[in-house]
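Below: the structure, in structure tokens.
The values are calculated or read from the model by the stated rules, or taken from the named source; none is laboratory data. Keep in mind it's a predicted model, so treat the numbers as computed, not measured. Cβ: placed from backbone, ideal geometry, glycine included. Neighbour counts: every protein chain shown.
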Amino acid sequence: MAEGLREILFVYALENAVRHRSVPKPGAVMGTFMGRHADFRDRANEVAAELKEVLAEVDALTPEEREERLAALAPDRLRQEKRKSGGARELPALEYAEEGVVMRFAPNPSGPLHLGHARAAYLNDYYVRRYDGHYVIRIEDTDPRRVEQENYGLLLDDIDWLGLKVGEIVYQSDRMDIYYEHCRRLIELGGAYACMCDAAYFRDLKLEKRACPCRNQTIEENLGLWDRMLEGAFCEGMITVRVKTDLEHPDPAMRDFSIFRIVDTPLHPRIDTKVYPMYNFSVVVDDHLLGITHVIRGKDHIANTRRQRYIYDYFSWKPPVFKHYGRLSIGGVVLSTSAIKEGIVSGVYSGWDDIHLGTLKAIARRGFEPDAVRKAMIDIGIGETDITFSWENLFAQNKAVIDPRANRYFFVPDPVRLPVADAPVQTAEAALHPNEPERGVRRLLFEGSAVVPRREIEGKAMVRLKDLFNVNIAWKGEKPSLTYAGESLEEARNAHAPIIQWLPPRQARNCILKTPDGEVEGYCEEACAAECHRVVQFERVGFARIDAVAEDLVTAYFAHR
């Protein structure tokens, strides 16, 4: 653990040194570390000794070397410091954007949106706002196996939550006649044909760079088969429409790929058809007809971009400007729609907004703000390098948004009610917000006993009850006895007494704090009940959103420290 502690301290020291262009004082780094790692408070001497060596190492580095080391150890921290010193992050200019841009975000209604979708949504939104462009939300719902009626509403709710500059919303399922018309035109241009080969047989031919017999059919024969497809003459798997490409192409996936198919079941919730366009056909038609000028998407679509160029060329259409960003790995939460659905059915997850999920609904329920997600995604940028999502960066962005408005309260986990001998009856006045005294105070009436967190007092000889007074602790085995020890804050500091949260029994309300690591039972201030659906800060614990208030229980969702 010492090695891990040293690395964490080194990052904090580098972060401070880069920000101020000088070696930080020990107290500055110590305060940051303890604020984020409260579990080390009882090891302050060990941390201080380690920090002394770390600061000496940082002092020996040049400013340039400090940036290089921070970039290697915590690139998101370096980006954040650069942004603090230079204002909001600016992404690279788009090519050929001088005459305006039309961009699109194209989700599939297989479920609600998650953090991965937010990246595409906000990157496109960034450029729409930058160039005062037009933003199209295109619901790609031409695969009935991935579409459920309820998901449309879930999707639209998420789009509304993101706060995108939406110009119009279109549904591909409303555009089927357009796709059918353009398929006919492509066949007439000699660019597509109806194939009735067995799938396995065609796959073998493709791998051998050989044409299937259907490829030599006349345009009239292909149009006849296409009309029969639309009339319902074929069942699923009997026929498909393929684009004529280069059979010698080194990538087999590029050779005569499919653009239309039959799907018998399930039935689509919005339309009555069994003939569906494939992705690479419908998006080309839509991007052209909707006037999309720039497409920003993940580099997993690079192969699709190459396929789509065949269709652009057949129609003599100018393709949009394509930009592909690297993969974003998001750890710590579940993103897979199919896995989430299974988990909801089996009871593993409580719903789409379960705290263990990376859906936007789960993120919102925990108290994250759209603007924080936006800034975190813009900070990632549109580079082609694969990166890991930084939760620390999102936490920092969200804290900047919610901290100014989050009222402060006490939450006592692992609670134990103890009398405090010789203590006077008095009222503690704790600020609702330390930076805004005009909000007022919470008044906590001490009447002889207090609810305190047992883990916080274990092994301690003295603690200070925040905003109240000091208490001495005598131990008989595992049983503590508390005695009033005066109100001197300086005396508590000299004794290295930790400051802990507490509650008067009469003002304590049962509270469950839901976290990704499990539920924490305890008590919170009674006044938290008035904060339902708002984010508060549980002092010394972290930010949480008050999710529900029952007669005898407050439920909160943990966001971050």
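Do we find that D125 is in contact with a Lys or Arg (Cβ under 8 Å, 6 or more places away or on another chain), among the acidic types (D, E), farther than 16 Å from V295 by Cβ and buried (at least 22 other Cβ atoms within 10 Å of the Cβ) in this structure? No: the conditions fail for D125.
Between I355, I344, I382, I402, the distinction of being touching a residue at least 40 places away in the same chain (Cβ under 8 Å), touching a Ser or Thr at 6+ places or on another chain (Cβ under 9 Å) and among the hydrophobic types (A, V, I, L, M, F, W, C) belongs to I355 only.
Mind listing just one residue for me: the one in segment 451-462 that is within 37 Å of the chain's Cα centre (by Cα) and surrounded by 14 or more Cβ atoms within 10 Å (Cβ to Cβ) and, of those, nearest to E526 (Cα to Cα)? Per the criteria, the residue is V451. Selection within segment 463-486: residues that are closer than 23 Å to E525 by Cα and out of contact with any helix residue (DSSP H, G or I) (no Cβ under 7 Å at 6 or more places or on another chain). The member of this set that is surrounded by the fewest Cβ atoms within 10 Å (Cβ to Cβ) is Y484.
Among residues of segment 103-115 that are within 14 Å of D141 (Cβ to Cβ), those with a Cβ under 6 angstrom from a residue that is in a loop (DSSP other than H, G, I, E, B) and charged (D, E, K, R), sequence gap 6+ or separate chain, pair up as A106/E140; N108/E140; P109/D141.
If the requirement is being in contact with a Leu (Cβ under 9 Å, 6 or more places away or on another chain) and either hydroxyl-bearing (S, T, Y) or not assigned by TED's automatic domain parsing to the domain that holds F410 (or both), which of these qualifies: S488, S449? Quick ask: steps written out before the conclusion?
Values: S488 fails: in contact with a Leu (Cβ under 9 Å, 6 or more places away or on another chain).
Exactly one residue qualifies, and that residue is S449.
Can you name the residue in segment 492-536 that is out of contact with any Lys or Arg (no Cβ under 6 Å at 6 or more places or on another chain) and acidic (D, E) and, of all such residues, is surrounded by the most Cβ atoms within 10 Å (Cβ to Cβ)? Checked segment 492-536; the qualifying residue surrounded by the most Cβ atoms within 10 Å (Cβ to Cβ) is E525.
Among the residues of segment 508-559, the ones that are modelled with pLDDT of 95 or more, outside any strand (DSSP E or B) and touching an Asp or Glu at 6+ places or on another chain (Cβ under 9 Å) come to 2 in all.
Could you say whether any residue in segment 260-268 is part of a helix (DSSP H, G or I), without any contact (Cβ under 8 Å) to a residue 60 or more places away in the chain and touching a Phe, Trp or Tyr at 6+ places or on another chain (Cβ under 9 Å)? Lay out the reasoning, then the answer.
Filtering segment 260-268 down to residues part of a helix (DSSP H, G or I) leaves none.
No - not one qualifying residue is present in segment 260-268.
Against the definition (more than 29 Å from E98 (Cβ to Cβ), among the small types (G, A, S) and in contact with a helix residue (DSSP H, G or I) (Cβ under 7 Å, 6 or more places away or on another chain)), how does G332 come out, yes or no? Answer is yes for this residue. Residues in segment 95-147 that are closer than 30 Å to D272 by Cα and of a type in the set (F, W, Y): F105, Y135.
Is it the case that segment 393-410 has a residue that's surrounded by 13 or more Cβ atoms within 10 Å (Cβ to Cβ) and under 30 Å from K479 (Cα atoms)? Yes - at least one qualifying residue is present in segment 393-410. You will find that of L123, L164, the residue that is at pLDDT 95 or above, assigned by TED's automatic domain parsing to the domain that holds F281, aliphatic (A, V, I, L, M) and not in a helix (DSSP H, G or I) is L164 and no other.
Check segment 158-165 and report whether any residue there is within 16 Å of I296 (Cβ to Cβ), out of contact with any Ser or Thr (no Cβ under 7 Å at 6 or more places or on another chain) and not aliphatic (A, V, I, L, M). Within segment 158-165 (the criterion being within 16 Å of I296 (Cβ to Cβ), out of contact with any Ser or Thr (no Cβ under 7 Å at 6 or more places or on another chain) and not aliphatic (A, V, I, L, M)), the answer is yes, since at least one residue qualifies. Can you name the residue in segment 311-365 that is among the aromatic types (F, W, Y) and touching a strand residue (DSSP E or B) at 6+ places or on another chain (Cβ under 9 Å) and is also nearest to D287 (Cα to Cα) among such residues? Selected residue: F322. Just one of (1) under 28 Å from S316 (Cβ atoms); (2) assigned to a helix (DSSP H, G or I); (3) touching a Phe, Trp or Tyr at 6+ places or on another chain (Cβ under 9 Å); (4) touching a residue at least 40 places away in the same chain (Cβ under 8 Å) fails for A194. It is (2). When segment 289-331 is filtered for residues that are under 22 Å from G116 (Cβ atoms), assigned to a strand (DSSP E or B) and of a type in the set (A, V, I, L, M), the ones remaining, listed by number, are V295, I296, L328.
For every residue, the table says whether it meets (1) within 19 Å of G237 (Cβ to Cβ); (2) of a type in the set (S, T, Y); (3) in contact with a Pro (Cβ under 6 Å, 6 or more places away or on another chain).
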residue	(1), (2), (3)
F260	yes, no, yes
D264	yes, no, no
P269	no, no, no
N280	no, no, no
T293	no, yes, yes
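How do the helices (runs of 4 or more DSSP H) wholly within segment 26-94 filter down when requiring 3 or more residues that are among the β-branched types (V, I, T) and at pLDDT 80 or above: which remain?
44-59
Suppose the filter is touching a residue at least 12 places away in the same chain (Cβ under 8 Å) and touching a helix residue (DSSP H, G or I) at 6+ places or on another chain (Cβ under 7 Å); does V441 pass it? Don't jump to the end; show me each part of the working.
Values: touching a residue at least 12 places away in the same chain (Cβ under 8 Å): yes; touching a helix residue (DSSP H, G or I) at 6+ places or on another chain (Cβ under 7 Å): no.
It is false that V441 is touching a residue at least 12 places away in the same chain (Cβ under 8 Å) and touching a helix residue (DSSP H, G or I) at 6+ places or on another chain (Cβ under 7 Å).
Contact annotation: residue pairs with Cβ atoms under 9 Å, 6 or more positions apart or on different chains, pairing a residue in segment 162-176 that is surrounded by fewer than 16 Cβ atoms within 10 Å (Cβ to Cβ) and hydrophobic (A, V, I, L, M, F, W, C) with a partner that is modelled with pLDDT of 95 or more and outside any strand (DSSP E or B), are I169/L156; I169/I159.
Name the strands (runs of 3 or more DSSP E) wholly within segment 350-450 that hold at least 1 residues that are more than 34 Å from the chain's Cα centre (by Cα)? I'd like the intermediate steps shown before the answer.
Working: elements: 411-413, 415-421, 426-431, 441-446.
Once the strands (runs of 3 or more DSSP E) in segment 350-450 are filtered for at least 1 residues that are more than 34 Å from the chain's Cα centre (by Cα), what remains is 415-421, 426-431, 441-446.
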